[in-house]
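S.K.: Mind looking over this structure? Questions follow.
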Amino acid sequence: MINVIWGWMILLGILSALIRCFFGEMQIEDFLREFFGSAELSVKVITGLLGMTCLWMGIASIMESAGLTSKLARLLEPLFRIIMPGIPKGHPAIGSITMNMSANMLGLDNAATPFGIRAMKDMQTLNQNPDTATDSQIMFLVINTSAITIFPVSIIMYRTQFGSASPTDVFLPLLLTSAVSTVVGFLVTAFIQKINILKLPVLIAFTFLLGLIAGLGVWAVRAGENLTHQATVFSDVCMVGFVGAVIAYGLFLRKKVFQDFIDGAKQGFGICVDILPYLVAMLFAIAVFRSSGLLELVLSGLRSFFSLFLGETSFIDALPVGLVRPLSGSGSRALLLDIFNVHGPDSLAGHIASIMQGSTETTLYVIAVYFGAVGITRVRHAVFCGLLADLAAVVAAVVIGYMFFGQ
């Protein structure tokens with residue numbers, strides 16, 4: 001699917017640009033400037049991301065070495081055994097799922113994928129029908145694609161790279177949006193799988209999520225115009241405190257925190273190297289599509305449609321990120337960076353696009369990769385549940401984006 005979309009974006013963009021040049025609506029030199037400038041932008045972005053990715057992968061490595069990840073696994077095991085009853089107590093899948101969730105909570109994008117594949121392989125050892133997804137595998141995938149993002153590291157890195165005055169101000173909106181997405185995805189999947197959610201571990205987790213959503217909502221209303229400033233200060237304090245606590249705990253256990261950090265940072269370098277080709281390809285396609293005028297034509301159509309029902313349509317500029325996100329992480333990332341480049345990271349579109357990018361995963365891509373890694377061809381209700389959670393995230397991102405940044 002992504003091959004077809006990528007190819008047609010470039011071909012239609014080139015065709016549109018040639019037609020506009022023929023009628024004198026644009027100069028071919030301007031088109032070529034955008035054409036080749038996308039590659040330079042890709043390198044610029046990766047250069048900025050390299051250090052931050054290595055930093056956070058290093059912190060994640062210290063967490064694993066200090067046993068924080070295993071402690072979290074033990075804490076979550078009672079919950080997992082209810083919502084994923086096919087996984088027995090003490091099974092290795094619990095640890096793999098926890099590592100995947102930890103990477104998602106840190107907003108580390110590609111770093112979560114290896115842990116997710118490992119978790120799927122661990123669960124596949126319990127699968128009686130190897131070509132068909134089990135209920136546990138589907139529940140894991142839905143939670144994975146709608147996972148709560150506590151520290152949106154990747155989004156903050158992108159916003160910092162593009163000169164945002166407050167790169168961390170999306171911390172609370174992202175947390176709130178991803179919580180909404182997770183609740184919707186979990187409830188729909190639990191209903192289809194007939195899981196009894198009226199058990200203590202589930203009720204505690206569900207109450208926590210609803211309390212989080214309600215609490216942040218009340219805070220947003222009461223804070224009024226001071227919301228953005230308060231949220232930014234709170235997120236900065238949380239992030240600094242988290243890093244300090246992880247390192248302090250490692251030192252307390254006499255772990256080799258420096259070496260652990262170096263080991264994790266090396267993985268971060270590899271992640272950036274892996275991302276670069278995809279980033280170049282997608283930024284190139286989007287640059288061609290946008291500079292040819294086709295992207296604005298699509299957005300104008302969406303704006304006209306939504307203007308029939310809504311008075312404010314500024315969010316339309318961010319909507320392509322939400323539409324592409326379930327299909328391709330590199331594609332939505334490139335669209336996000338393009339929005340930053342055109343509108344700025346601190347614009348309303350830049351904020352809403354940041355929330356959309358960070359609040360969900362690439363559902364269709366994850367389904368293809370995770371299930372493909374273990375040879376599953378019958379995915380059952382995984383696509384429906386995952387995309388419904390994505391839809392909830394897009395709607396919530398628009399509403400919460402206006403709540404926080406629409407003044």
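S.K.: Return the pair list, or none, for Cβ contacts closer than 6 Å from residues in segment 376-389 that are more than 15 Å from residue 360 (Cβ to Cβ) and of a type outside the set (D, E, K, R) to residues that are in a helix (DSSP H, G or I) and modelled with pLDDT of 90 or more, at least 6 apart or on different chains.
M.R.: Qualifying pairs under 6 Å: 381/192.
S.K.: Would you mind stating whether residue 104 is assigned to a helix (DSSP H, G or I) and at pLDDT below 75?
M.R.: yes
S.K.: Identify the residue in segment 276-308 that is among the β-branched types (Val, Ile, Thr) and touching an Asp or Glu at 6+ places or on another chain (Cβ under 8 Å) and, among all such residues, is modelled with the lowest pLDDT. Give the steps one after another, and end with the answer.
M.R.: Narrowing segment 276-308 to residues among the β-branched types (Val, Ile, Thr): 280, 286, 288, 298.
Among the residues that remain, those that are also touching an Asp or Glu at 6+ places or on another chain (Cβ under 8 Å) are: 286, 288.
On the way: 286: 72, 288: 80.
Among them, the one singled out is 286.
S.K.: Of all residues being of a type in the set (D, E, K, R) and either surrounded by fewer than 17 Cβ atoms within 10 Å (Cβ to Cβ) or under 14 Å from the mean Cα position of the chain (by Cα) (or both) in segment 336-392, which is nearest to residue 299 (Cα to Cα)? Just the residue, please.
M.R.: Initial filter on segment 336-392 (of a type in the set (D, E, K, R)): 338, 346, 361, 378, 380, 390.
Going one step further and asking which of them are either surrounded by fewer than 17 Cβ atoms within 10 Å (Cβ to Cβ) or under 14 Å from the mean Cα position of the chain (by Cα) (or both), we end up with 361, 378, 380, 390.
Numbers: 361: 23, 378: 36, 380: 34, 390: 20 Å.
Among those that are of a type in the set (D, E, K, R) and either surrounded by fewer than 17 Cβ atoms within 10 Å (Cβ to Cβ) or under 14 Å from the mean Cα position of the chain (by Cα) (or both), it is 390.
S.K.: Restricting to segment 327-360, name every residue that is out of contact with any Leu (no Cβ under 7 Å at 6 or more places or on another chain) and not in a helix (DSSP H, G or I).
M.R.: Within segment 327-360, 328, 344, 345, 346, 347, 360 meet the criteria.
S.K.: Next question, about the same structure. Please go through segment 187-202 and pick out each residue that is in a helix (DSSP H, G or I) and closer than 8 Å to residue 83 by Cβ.
M.R.: Here is the first cut: in segment 187-202, the residues in a helix (DSSP H, G or I) are 187-193, 200-202.
Across segment 187-202, the qualifying residues are 190, 202.
S.K.: While we're here: Could you grab me the full set of residues in segment 72-106 that are in contact with an Asp or Glu (Cβ under 6 Å, 6 or more places away or on another chain) and within 18 Å of residue 205 (Cβ to Cβ)?
M.R.: Scanning segment 72-106 gives a single hit, 94.
S.K.: Please pick out the residue among 148, 143 that is touching a helix residue (DSSP H, G or I) at 6+ places or on another chain (Cβ under 8 Å), touching a residue at least 12 places away in the same chain (Cβ under 8 Å), over 16 Å from residue 383 (Cα atoms) and of a type in the set (Val, Ile, Thr). Step through it out loud before you land on a result.
M.R.: Working: 143 fails: over 16 Å from residue 383 (Cα atoms).
148 is the lone residue from the list that is touching a helix residue (DSSP H, G or I) at 6+ places or on another chain (Cβ under 8 Å), touching a residue at least 12 places away in the same chain (Cβ under 8 Å), over 16 Å from residue 383 (Cα atoms) and of a type in the set (Val, Ile, Thr).
S.K.: Going by the structure shown, is residue 311 modelled with pLDDT under 85 and not hydrophobic (A, V, I, L, M, F, W, C)?
M.R.: Values: modelled with pLDDT under 85: yes; not hydrophobic (A, V, I, L, M, F, W, C): yes.
Spelling it out, residue 311 is indeed modelled with pLDDT under 85 and not hydrophobic (A, V, I, L, M, F, W, C).
S.K.: For residue 300, work out the one condition from (1) more than 22 Å from residue 166 (Cβ to Cβ); (2) not in a helix (DSSP H, G or I) it doesn't fulfil.
M.R.: In the conditions (1) more than 22 Å from residue 166 (Cβ to Cβ); (2) not in a helix (DSSP H, G or I), residue 300 misses (2) alone.
S.K.: Answer yes or no as to whether residue 321 is assigned to a helix (DSSP H, G or I), under 23 Å from the mean Cα position of the chain (by Cα) and surrounded by fewer than 19 Cβ atoms within 10 Å (Cβ to Cβ). Steps first, please.
M.R.: On the way: assigned to a helix (DSSP H, G or I): yes; under 23 Å from the mean Cα position of the chain (by Cα): yes; surrounded by fewer than 19 Cβ atoms within 10 Å (Cβ to Cβ): no.
It is false that residue 321 is assigned to a helix (DSSP H, G or I), under 23 Å from the mean Cα position of the chain (by Cα) and surrounded by fewer than 19 Cβ atoms within 10 Å (Cβ to Cβ).
S.K.: Would you be able to tell me the number of residues in segment 309-339 that are touching a residue at least 24 places away in the same chain (Cβ under 8 Å) and aromatic (Phe, Trp, Tyr)?
M.R.: Residues that pass the stated criteria total 1.
S.K.: Another question, if that's okay. Restricting to segment 158-213, name every residue that is surrounded by 24 or more Cβ atoms within 10 Å (Cβ to Cβ) and in contact with a His (Cβ under 7 Å, 6 or more places away or on another chain).
M.R.: 170
S.K.: Another question about this same structure. Checking residue 67 against (1) modelled with pLDDT of 75 or more; (2) within 24 Å of residue 269 (Cβ to Cβ), only one condition comes out false. Which one?
M.R.: (2)
The values are calculated or read from the model by the stated rules, or taken from the named source; none is laboratory data. A quick note: this is a predicted structure, and the numbers were derived from the prediction, not measured. Glycine also receives a Cβ, built like all others from the backbone with ideal geometry; neighbour counts cover every protein chain displayed.
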